[in-house]
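Participant: Got a structure for you, questions after.
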């Protein structure tokens, strides 16, 4: 195994604010973490332009029938898998639309498989196995920026013509890479030196929240700030669906429940049925014509 020097990386530096970490009281520990975690908000603000570009490119490809892949190792890989797993219940997306790939596969979600991050060919194979193409988007996540598994995946994705996005917590001059969108989330040295599950993990989760939610907004899966494509698969989500219908219309909860059933438990279709007086079949047709965008379908001239 080739040894690499990584001590120069921002994520590996020693944080002077926590130099006496083992001597702090519990309340002082909390205060140090709180002060350092506040830097994640600034980091997101500084990355606003590449994040916005990533949203636009991802929405464009998904609109064409493409898929969004997150790929990473360790904490970065787990965060990608988590964000992907939350898209179907939140936005009623098919499971294949947003996928998380972690070095080591499903076992690595609950058991450390950090050694596998050094295998660039395995990252490339993960992209090849999924037959990634020109309409797909691949987001490589690597806090320290050097993970060979992620670099191998992004190189293979570029070779296949996919849109590539890189997300790291080190400046470009420390780790350079050729991708379509380069997102750097600079939060500085960790409270516990080198433990990128802390600030780096937090800022990565924030960025993934913005990327996936922003993409779904662009795809018309949101009306106002309501998740109108919510999958009604349990009592909590059924209650949320009824509240959305009642809040956006003049319907009582009982009327909203009746309408929801008539729409085959589709909040989006239910809203269109209520606002237009059209049948479910006609509403479904209009929504399909407008790629599921409720606002666009409602603005369709009659």
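The values are calculated or read from the model by the stated rules, or taken from the named source; none is laboratory data. None of these values were measured; they are calculated from a predicted model. Cβ coordinates were reconstructed from backbone atoms using ideal geometry, including for glycine residues, and neighbour counts include every protein chain displayed.
Participant: Tally up the residues in the stretch 163-191 that are more than 12 Å from residue 142 (Cβ to Cβ) and without any contact (Cβ under 8 Å) to a residue 60 or more places away in the chain, please.
Facilitator: Qualifying residue count for the region: 5.
Participant: Quick one: residue 159 ticks every box in (1) in contact (Cβ under 8 Å) with a residue 12 or more places away in the chain; (2) on the phi < 0 side of the Ramachandran plot bar one, so which box is it?
Facilitator: (1) is the only condition that residue 159 fails.
Participant: Which residue, of 9, 51, is surrounded by 15 or more Cβ atoms within 10 Å (Cβ to Cβ) and in contact with a helix residue (DSSP H, G or I) (Cβ under 7 Å, 6 or more places away or on another chain)?
Facilitator: 51
Participant: Please work out which residue is nearest to the chain's Cα centre (by Cα), limiting yourself to the stretch 133-160 and to residues that are closer than 20 Å to residue 215 by Cβ and surrounded by fewer than 23 Cβ atoms within 10 Å (Cβ to Cβ).
Facilitator: Checked the stretch 133-160; the qualifying residue nearest to the chain's Cα centre (by Cα) is 135.
Participant: Same structure, new question: Inspect all residues belonging to the stretch 117-128 and state whether any of them is within 20 Å of residue 56 (Cα to Cα), under 22 Å from the mean Cα position of the chain (by Cα) and in the same structural domain as residue 178 (by TED's automatic domain parsing).
Facilitator: no
Participant: It is to be established whether one or more residues within the stretch 111-118 are surrounded by fewer than 15 Cβ atoms within 10 Å (Cβ to Cβ), touching a residue at least 40 places away in the same chain (Cβ under 8 Å) and part of a helix (DSSP H, G or I).
Facilitator: First, the residues of the stretch 111-118 that are surrounded by fewer than 15 Cβ atoms within 10 Å (Cβ to Cβ): 111-112, 114-115.
When the remaining residues are screened for being touching a residue at least 40 places away in the same chain (Cβ under 8 Å), the result is 114.
Then drop every residue that is not part of a helix (DSSP H, G or I), which leaves 114.
Yes; the residues of the stretch 111-118 include at least one that is surrounded by fewer than 15 Cβ atoms within 10 Å (Cβ to Cβ), touching a residue at least 40 places away in the same chain (Cβ under 8 Å) and part of a helix (DSSP H, G or I).
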